[in-house]
Structure formats: structure tokens, C-alpha cells
Amino acid sequence: MNKLEDWNVVHRRVAAMATGLSILPMFFLIKDLQWQVLFFVLNVAFFGICHGALDHLRFHTDKTGQLILWRLLLFGLLYLGLAALVIFTWLHDPGPMLVSFLSVSCLHFAMDEDTDLPAVARLLWGVLPVLGPCFLHAKEVGQMFTFLTGSQVEFLMQLNVVLQFVGFVVVGLTVVSLSIGIVNAINQKSTKGLSMSISGLSLILCYIVLPPLLSFSIYFCWWHSLRQCLKLIAGLDAPDFQHGLIKFIKIALPLTLGSWSIALLIYFLYAKLGCAMVGGEQLFASQIRTVFYLLSALTVPHMFVEMFFSERQNLTQDLA
């Protein structure tokens, strides 16, 4: 087992323990939607953004490791251009943008799930954070979708019906898959298999008990983002994980700080504009839209990098 695999196992156990221990306190203490949004924003700021802060390193050098400035500039323009296109589409056609964002997120999470899982389990675990709450917490999800798309009532009703059905299927298949996994692990006396099943159990309990925004925050930040950070750290210096961590922090910090600054600027400008346009009583909905629009603008370009341009088998060479 190499260093990355060691740390992936540690991450899985710690994430499962943190998820399990946080379910009841969060259920009782963070019921107000404003506190849920704050929890979501803080976790994305500290854990979510940094896992995409090294995307540019995949394109700025040639095979010999020499810096190619035009590649870096072109990548930056395309990356920022896609982020701007995402925000523009949200503002002008939020319904189709919502469907597209949910679809791309499901695909991205499924592709980046733990490689130790069987293919079917990877698919289920990847789509469950998005589709599971559509069935388990249909009312809360419907409210969030209303905030994000405005007054497209007929479209949202049709979308919610479809997502509730798909969510029901996904939750059912996940429960069956976990049950089979637990039984097989016990019969085979497989510690690894039982550990994987317990991890899945902690996540599905999280989706069942917690409101959608909290459960998504936990999966996206504690599971997905931190797991991807571990891969990047190992890619920077596989033999020495601590040295790779230091390099990762140094490289990721400038873009992370820059993302925070731009996000705060846009947030305050758009939130104030929203307050002036819709009135104080709807300011909260405007703020939620702003948060999600900014999140998608940061994550959609990263998703496309991961899905279409990433070569994980050459990560050490590309990022060294």
C-alpha cells in the first residue's frame, strides 16, 4: 500500500467518524436556514475551494517541465470565461442551468468517488448527495430550487416530480447495496469491506437525518474535496507526504485567497443589488442565489478540467 492509499484509508475513517458524530448535534443545533447557509459557506471557503486551486498546473508546462506562458494565459482566460458564462446563464436562464449543474455535479462526484469501491457503488455514492435529498427532503429541496430559479412554478413542479422519483430509486438501490456489502463483509470477515460499508452507512444516515444543505456540505467538503486534496498532495510529492502538503498549501493559497476576494466582492455587490430590487423580506433568497451562483462559477470549470483534461495516472509528472 502506497502513501496515498494509506492516507485515503485514514481519510475515509476520519470522515466517517466526523460525519457520524456530527449528525445529532447538527440536527438539533442548526435548524435555521441562515445558520445552514453559514455552515455551508464556511466549509466551502476552507475545504471546497482549495481542491480546485491547482487546476492551472496541469497546463502550464510541456513534457519537459518547461513553463509555457501562452498556455497558462489561455487556460486562465478559458477558465474565467466559463465561470462568467455560468453566472450569466444563471441570471438569464436559471431553470436549464439548474438541471445542467445538478447533472454535471452527479457525473463529477461519481467519477471522483473512492476508487476502492465497486463501479456500481461509486455511481450510487456519487449521485446520492445530489439526488437523495430530492426524495428524502423534497420540501426543503423544492424551497431551495425556488430560491435559485425564481418564479418558474410549472417548471419546478415537473422537475421536483422527476427528481423525487429518481431520488427514490437511488436511495433504494444504495440501501440494498449497503446491506449486501455489510453481509458479504461479515461473511468474508473482511475488515476493509466492513469499513467501506460503515462509511456508506454514515453518509446515508447523514442524508436521511440532516437538511439537504448540511448533508451536501458534509459530503462536498469533508469527503469529496478533502479526498481530492489528498490526491493532489500525493501527486506533488508522493514519497514525502508532509513535504507534498507544504507545497500544496504554498501553491493553493494565492488562488484560494483570490477566489475568496472575488467571491466576497461579487456577493456584496449582488446581494445589495438584490436587496434594492426585491425588498428586504426577499434579501435572504437573493443571498442564497448569490452563494450558489458563485459556487457553481467556481466548481463548474474545475469539473470540466477533471472530466475532460485530467490524467491522474501522470499526476506526479504533471504537477512536479
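Laboratory data are not the source of any read-out in this text; all were calculated from the coordinates shown. Since the structure is predicted, the reported quantities are computational estimates derived from the model, not experimental observations. For neighbour counting, all protein chains shown are included, and Cβ atoms are generated from backbone atoms with ideal geometry for every residue, glycine included.
What number, in nm² with one decimal, is the all-direction average of the projected area of the convex hull of the alpha-carbon atoms of the range 3-319? Mind dumping the intermediate values first?
Details: hull surface 67.4 nm².
With the hull built on Cα positions only, its mean projection is 16.9 nm².
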Signed unit charges on C-beta, dipole axis of the range 3-319, positive-most listed residue Leu178, Pro118, Ser22
Ser22
If we count other beta carbons within 10 Å of each Cβ, what is the order of His137, His56, fewest first?
His56, His137
Got a sec to turn the phi values of the range 255-261 into Karplus ³J(HN,Hα) couplings, 6.51 cos²θ - 1.76 cosθ + 1.60 with θ = phi - 60°, whole Hz, x for Gly and Pro?
5, 5, 4, x, 5, 4, 5
Relative contact order (percent, whole number), the chain, Cα cutoff 8 Å, 6+ residue spacing:
32
Please order Asp114, Asp93 by the number of other Cβ within 10 Å, starting at the fewest.
Asp93, Asp114
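Can you sort Val130, Val170, Val175 by how many other beta carbons sit within 10 Å, fewest first?
Details: Val130 25, Val170 22, Val175 15.
Lowest count first: Val175, Val170, Val130.
At R0 = 25 Å, how high is the FRET efficiency between Phe27 and Leu265 if r is their beta carbon distance? Nearest 0.05 is fine. Present the calculation step by step, with values, prior to reporting the outcome.
On the way: r = 34 Å, r/R0 = 1.38.
Between Phe27 and Leu265 the formula returns 0.15.
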Of all stretches in the chain that avoid trypsin sites (Lys or Arg not before Pro) placed in a DSSP loop and having at most 15 other Cβ atoms within 10 Å, the longest is 190-320
From the phi of every residue in the range 204-213, what ³J(HN,Hα) in whole Hz does the Karplus formula 6.51 cos²θ - 1.76 cosθ + 1.60 yield, where θ is phi - 60° and glycine or proline is x?
5, 5, 4, 5, 6, 8, 8, x, x, 5
The chain - mean residue ellipticity at 222 nm from DSSP helices (-39,500 (n - 2.57) per run, n ≥ 4, rounded to 500):
-26500 deg cm²/dmol
